[in-house]
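Novice: I am attaching a structure below and will ask some questions about it afterwards.
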Amino acid sequence: MAMVAQHQQHRETTSSSSSFKHQLDNGKYVRYTAEQVEALERVYAECPKPSSLRRQQLIRECPILSNIEPKQIKVWFQNRRCREKQRKEASRLQTVNRKLSAMNKLLMEENDRLQKQVSQLVYENGYMRQQLHTNSAVTDASCESVVTTPQHSLRDANNPAGLLSIAEETLAEFLSKATGTAVDWVQMPGMKPGPDSVGIFAISQSCSGVAARACGLVSLEPTKIVEILKDRTSWFRDCRNLEVFTMLPAGNGGTIELVYTQVYAPTTLAPARDFWTLRYTTSLDNGSLVVCERSLSGSGGGPNAAATTQFVRGEMLPSGYLIRPCDGGGSIIHIVDHLNLEAWSVPEVLRPLYESSKVVAQKMTIAALRYIRQIAQESSGEVTYGLGRQPAVLRTLSQRLSRGFNDAINGFNDDGWSLMNCDGAEDVIVAINSTKNLSTSTNPSNSLSFLGGVLCAKASMLFQNVPAAVLVRFLREHRSEWADFNVDAYSAASVKASPYGNPGMRPTRFTGSQIIMPLGQTIEHEEMLEVIRLEGHALGQEDPFVSRDIHLLQLCSGIDENAVGACSELIFAPIDEMFPDDAPLIPSGFRIIPLDPKSDALVTTHRTLDLTSSLEVGPSTNQGTSDTLGCQNTRSVLTIAFQFPFENNLADSVATMARQYVRSVINSVQRVAMAISPSGLSPSVSPKLSPGSPEAVTLAQWICHSYTYHLGVDLLTSSSVVGDSLLKDLWQHQDAILCCSLKSLPVFIFANQAGLDMLETTLVALQDITLDKMFDEAGRKALFPEFAKIMQQGFAYLPGGICMSTMGRHISYEQAIAWKVLAADETTVHCLAFSFVNWSFV
């Protein structure tokens, strides 16, 4: 009987196995038990795509999966990955749908407001016609009465009831600007509303003062947005100080504050501004939060009377923020900035800077909305940064650079700055600060107590017909054209334990090479934070193995001349190689501010000195005669400020050096400005090549044609693409493609997007990277013998291996292909190209 039972059990098992295989053959799914699904989910959480060995191991380790074939396990993981992808896509689409719905609501509200404005204008037009017809001299001043801020006496502000009355009036006037027709708003030039835009931006037209407005959708809660916006020093780079003197409770859980604010002057040619305002925070019946603000009359506020003499008191007309909670999370925010900057107090040539609503929009309104969106994206993990730095740390470093540069330009007495005796020429101003503390509390080794302080040499000048963005981009990409390495070395000593006594005491040769290592950039790429390494070598036999490289922390903004920006800046400060987060910073740099608005219909020129920085894929532009027209009759003011540490007994000699150095920099910048100006183009400066230009397309054609010529297969999937399409396909190719020059020390001259990602660099910095820096000693020994084979037969297959990025990270690749890139005659070798297949960071 036992043998019969075993035989029957064996037949049933065989039958069950055959039935299971039959189900697999018919493509039917097996119904898994809850325990089986739980076991598979555990493995999926660790490895969503297990190998066949891992799947077999899973079956061996989990007895409950023993009756399932490895093939079906593979199908389960495929289905599970597909479901996960569908879930993520559905979640993304729901998020996009919520954003589009909120944006649609915002646009509908804007449309309603515009319709009301049109109706009001039609009514006013009819009324004026009637008055003209009856020869009446009546003047309709209803609109002007809304936007003009009445002067409130200090008597009203001396008691809570008077402050509350002013606050309620400020709230009503602010809301009439934010959502009503109190101001005649027009669309901000160059900023078109739409689902992909940051927001809706408008500037005032023919009203008292200068005003700007922004509306946008932000994925943060209203209370968080209010907290960020009230901390104006965190996002408004020109805000030097904000101090709350009085805080009183108001209805609806709101507050009334008396606030004193100081704002930096952008150049050395104008005084700074300060404001004495009432700020009212409250909530509305519909759940919205409001922060509104306006100036109070009188000379209240300020730490002391002596400090306020350096400021011109500006007027803030009813302004503020309206934040409404959005369905599904996030908020809709309305921002209004309405100011009277007292343009009479600045030289006439600078008055366009203080009478432009567009400048207010760029510096304050748009900056506030961009900053909030940046915080929102960082909070959601959408933004990544280099060198392991946290977003908050990088924001702090950027703010410290900007603040230090502004402090140097303004030179406030209460910061310890005072002017030094000039030599009769006022082109360069030298200020000294003997109280500046550059030491850090957490890193005693960087103590700079031996220093006597810091001095600053600064100057401002006007340029005619010089594209600001192009000039700053040139200064960033070609530092050796204007900077002196020994002066950089002297400044770099300020963050090292052992100081230099004087510039040039340790002879060094500057190679001219600079490597740009990106740290992070804002979501619209209008600002970049990066580390610059300047390569230097010692002269003679003194300390031949001691590195003379210099590292700079650099902040760059406004280098895209097609973007809407208030100014273009290049600010840098020497840092130690270890680069601690609390490193002392002594910022120097350049700021270029356009004074005259340019026509949006005209395209400014793109100019640079290298081919590689031009190969960014995008729409090509016609750079004919419109380039010259776009820069005609435009002016900009350039402000230069360089800071130098000094010892007490060397202040005079360092001041002389600083004045001479800044004058030499000015001469270099003027020479560059003449070269890039459309009216004085130098032969040494060539136009930047757009992706559609013949040179850029030719390079792409040579790369692809030579690959086919030598290897017999097409590099791209479609061999029929030509022109811009070919360059775009090459740029987006999945493998990392790099080209290097045919020199004794090959230097990279081009890389597609995957190549830049692999090297962790940019097109600008690429030209300073040599081929040998990619490989270690073993890699170089394996690669260099292949060069003879490449030159002989035109190509070579290189085995998989390891290389390194500019950040020092190791990269593995499955295979590399090297080939000669031939010119059009197919006899001249233009460069060498490499394709790294299936690369990844180790």
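Novice: Kindly rank 316-324, 57-65 from highest to lowest mean number of other beta carbons found within 10 Å of each residue.
Specialist: On the way: 316-324: 25.1, 57-65: 14.4.
With the highest mean Cβ count within 10 Å placed first, the list reads 316-324, 57-65.
Novice: Another question, if that's okay. Roughly how many nanometres apart are two label points built 7 Å out from the Cα toward the Cβ at residue 47 and residue 206?
Specialist: 7.3 nm
Novice: Tell me, in nm to one decimal, what length is gained between residue 380 and residue 342 on full extension, where the rule is 0.36 nm per residue of separation less the Cα-Cα distance?
Specialist: Extending this stretch completely gives an extra 9.5 nm.
Novice: Go through 411-418, 745-752 and give me the packing order, highest mean Cβ count within 10 Å leading.
Specialist: 745-752, 411-418
Novice: Could you sort 472, 312 by accessible area so the largest value comes first, with the probe set to 1.4 Å?
Specialist: My answer, sorted largest first, is 312, 472.
Novice: Per-residue accessible area for residue 54 at 1.4 Å probe radius, Å² rounded to 10?
Specialist: Counting only protein heavy atoms, residue 54 exposes about 60 Å² to solvent.
Novice: Taking the Cβ of residue 535 as the centre, find all other residues whose Cβ is under 9 Å away and add up their charges (Lys, Arg: +1; Asp, Glu: -1).
Specialist: 0
The values are calculated or read from the model by the stated rules, or taken from the named source; none is laboratory data. What you see is a predicted model; the values in this text were computed from it and never measured. Cβ atoms come from the backbone with ideal geometry, glycine included; neighbour counts cover every protein chain shown. Surface accessibility is based on the protein's heavy atoms, side chains included, excluding ligands, DNA and RNA. Shrake-Rupley method; radii C 1.70, N 1.55, O 1.52, S 1.80 Å.
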